[in-house]
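To start, the structure under review is shown below, and the notes come after it.
The values are calculated or read from the model by the stated rules, or taken from the named source; none is laboratory data. Everything quoted here is computed from the prediction, not taken from an experiment. When we count neighbours, we look across all protein chains shown, and the Cβ atoms used for this are built from the backbone with ideal geometry, even at glycine. All accessible areas refer to the heavy atoms of the entire protein, side chains included, with ligands and DNA or RNA removed. Shrake-Rupley method; radii C 1.70, N 1.55, O 1.52, S 1.80 Å.
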Amino acid sequence: MARGLQLYWLREDEPQQAQAWDRFVEAAAGGSFFHLAGWQRLLSGLYKHPTYYLYGQRDGQVVGVLPLARVRSRLFGDALISTPFCVYGGVVAQDLQVQEALLDEARWLTARLNVAHLELRSVTPLDDGWINKPLYATFRKPIVAEPAANLREIPRKQRAEVRRGIQAGLVTRLLQNPDPCYRIYAESLRNLGTPVFARAHFQTLKQIFAERCEVAVVEQHGVAVSGVLSFYFRDQVLPYYGGALPHGRQVGAYPYMYYDLMNRAAAQGCRWFDFGRSKRGTGAYDFKRFYGFSPQPLHYGYYLYERRELPDLNPLNPKYQRFIALWRRLPLAVANGLGPLLARNLG
């Protein structure tokens, strides 16, 4: 272990240490919203997933963090992930010595728990000891406090959709209660054939992250047609859970919703719009490209322990196509009832 470095596990009954963890994440170049300690409360509190939030200290100061949680199910396997339900994860460290010490501890934990594999959702490439799976890309670009300039950066066809939404009378309303946004999101996911989280997922995120977590719905003549739950971190805004009803799609609710969010966030001092990850070959991936974002590869790294090949929990996998088609036909109440039982283990 690096000289003078001590490793610890973050405990939920240590709020002062959680604050020190977050101060380090806020200041570190590789820190992201998904490295914040609040995610531990969601994972262990709501989902009962065992969490192993590892951090290193030198002279009483946090110098590195690695958030981990174990997601285990009969359907989807057994894994340590950094971080479940999140786009980004992995090590954030002051130097290479700290990084290697944290990774060594994570590999040791993988063996001790006898899990199938360890997954790090890294933005940067890992060394040759990790197996890379180039399934996802992320999408980020600058925004400015000038609505007309943001509109010009959107390609012509999507720019026309934004204007269509404006002409249709779409307006955004901010909410403290995430339930209206969740209802739209849940129906949108059912229509895509994807199981949805429980309502408590949105509620817990809002409770934990408070003003960092913004809930917005787009309305036409007082009726909500789309919604998005977004996160704020440093000078970034991250629209994370977005959905639209069929009528909303017809009046340009999606393009309008994200354009309006760009302007709202830029007016508050944000300078980056992080559109999150999408799987290559999907409609979401193409939508973000057509909206003017360039895909940037994500370097998800895997350390295999009790398995010989990489997991393939991918909706493009042919074996899941029948399930997706079936899920799309479920009554909404049934999908919303069954979805959380599956989504909690998808990670």
- Item | the stretch 120-134, residues that are surrounded by 15 or more Cβ atoms within 10 Å (Cβ to Cβ) and either among the charged types (D, E, K, R) or not assigned by the TED database to the domain that holds LEU80 (or both) | ARG121, LYS133
- Query: Say we look at the stretch 250-295 and pick out the residues that are of a type in the set (A, V, I, L, M) and part of a helix (DSSP H, G or I); which of these is farthest from the chain's Cα centre (by Cα)?
  - Reply: ALA267
- Query: Yes or no: ARG156 buried (at least 18 other Cβ atoms within 10 Å of the Cβ) and under 25 Å from THR282 (Cβ atoms)?
  - Reply: no
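Okay, residues lined up against (1) charged (D, E, K, R); (2) part of a strand (DSSP E or B):
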| site | (1), (2) |
| --- | --- |
| LEU42 | no, no |
| LYS48 | yes, no |
| TYR55 | no, yes |
| VAL62 | no, yes |
| LEU66 | no, yes |
| ALA69 | no, yes |
| ARG72 | yes, yes |
| ASP78 | yes, yes |
- Message: Residues that are surrounded by 16 or more Cβ atoms within 10 Å (Cβ to Cβ), in contact with a His (Cβ under 9 Å, 6 or more places away or on another chain), touching a residue at least 24 places away in the same chain (Cβ under 8 Å) and in a helix (DSSP H, G or I): does the stretch 110-119 have at least one?
- Response: yes
- Task: Take TYR302 and decide whether it is assigned to a strand (DSSP E or B) and in contact (Cβ under 8 Å) with a residue 60 or more places away in the chain.
- Result: yes
- Note on the structure: Screening VAL228, VAL215 for residues that are in contact with a Pro (Cβ under 6 Å, 6 or more places away or on another chain), in a strand (DSSP E or B) and crowded, with 23+ Cβ neighbours inside 10 Å leaves only VAL228
- Exactly one condition in (1) modelled with pLDDT of 90 or more; (2) surrounded by fewer than 20 Cβ atoms within 10 Å (Cβ to Cβ); (3) among the hydroxyl-bearing types (Ser, Thr, Tyr) is not met by THR282; state its number. (1)
- Query: Taking the stretch 167-193, which residues are open to solvent by 30 Å² or more (accessible area, probe 1.4 Å) and either farther than 25 Å from TYR259 by Cβ or in contact with a Gly (Cβ under 6 Å, 6 or more places away or on another chain) (or both)?
  - Reply: ARG190
- Failed criterion for ARG70 (all others in (1) within 19 Å of the chain's Cα centre (by Cα); (2) open to solvent by less than 10 Å² (accessible area, probe 1.4 Å) hold): (2)
- Of all residues in the stretch 316-331, which are open to solvent by less than 90 Å² (accessible area, probe 1.4 Å), modelled with pLDDT of 80 or more and either touching a strand residue (DSSP E or B) at 6+ places or on another chain (Cβ under 9 Å) or part of a loop (DSSP other than H, G, I, E, B) (or both)? LEU330, PRO331
- Query: Which one of the conditions (1) touching a strand residue (DSSP E or B) at 6+ places or on another chain (Cβ under 8 Å); (2) exposed (fewer than 13 other Cβ atoms within 10 Å of the Cβ) does GLU146 fail to meet, given that it meets all the rest?
  - Reply: (1)
- For the subset of the stretch 200-212 comprising residues that are surrounded by fewer than 18 Cβ atoms within 10 Å (Cβ to Cβ) and touching a residue at least 60 places away in the same chain (Cβ under 8 Å), which member is nearest to the chain's Cα centre (by Cα)? ARG212
- Message: So, in the stretch 213-224, exactly how many residues are over 17 Å from the mean Cα position of the chain (by Cα) and among the charged types (D, E, K, R)?
- Response: 1
- Note on the structure: Listed by first then second residue, the pairs whose first member lies in the stretch 182-198 and is touching a residue at least 24 places away in the same chain (Cβ under 8 Å), whose partner is assigned to a helix (DSSP H, G or I) and of a type in the set (Ser, Thr, Tyr), with beta carbons under 8 Å and at least 6 positions apart or on separate chains, are VAL196/TYR185
- Pairs, please: C-beta under 8 Å, at least 6 apart or cross-chain, first residue closer than 17 Å to GLN236 by Cα and modelled with pLDDT of 95 or more and in the stretch 131-154, second part of a loop (DSSP other than H, G, I, E, B) and charged (D, E, K, R)? LYS141/GLU153; PRO142/ARG271; ILE143/ARG271; VAL144/ARG271
